[in-house]
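The block underneath contains the structure these notes are about, expressed in structure tokens.
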Amino acid sequence: MGNRKFVDGPRTESSVAGHRHQRLQELIHEELAALFRDDVEDPSLDGLAVRAVVLSVDYRNVRVHLAGDSQVSVDLPVARALARVTPFLRARLAESLDLKRVPELHFVVDR
């Protein structure tokens, strides 16, 4: 233990994992928000923005909550467009975040 400095008390394995989980969730949120804002050009997805991201405990799945304006409805074209854009989003996440395994993306459109 020697020269270690503890700011908020001793760091246990679970507190470090919790911090890592939270930070990775934030990074995924920031990256997906930027991708939807700047790179996704599908007209079916216009008006959608990333509202929240929930990373599973095992880091294998991400639930992406999308907020849409009143004109966006959750219909078949939006679901198909999200299915088409998912491989692109996962590839860009793999490039920007150095992850062993890129989580699967699951979308929820909120009104």
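Derivation of every value follows stated rules applied to the coordinates shown; laboratory data play no part. Every value quoted in this text rests on a predicted model; they were computed, and no experiment measured them. Cβ placement follows ideal geometry from the backbone for every residue including glycine, while neighbour counts extend to all protein chains displayed.
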J(HN,Hα) series, region 88-98, from Karplus relation 6.51 cos²θ - 1.76 cosθ + 1.60, nearest Hz, glycine and proline x: 4, 4, 5, 5, 5, 4, 4, 5, 7, 10, 6
Built amide H within the under 5 Å cut-off of R51, gap 5+: H65, L66, A67
Gain in span if fully extended, A67 to D38, counting 0.36 nm per residue against the direct Cα distance: 8.8 nm
Förster-model FRET efficiency, 35 Å R0, R80 and D58, C-beta, rounded to 0.05: 0.80
Stretchable slack from L27 to A94, in nm (0.36 nm times residue separation minus alpha-carbon distance): 22.9 nm
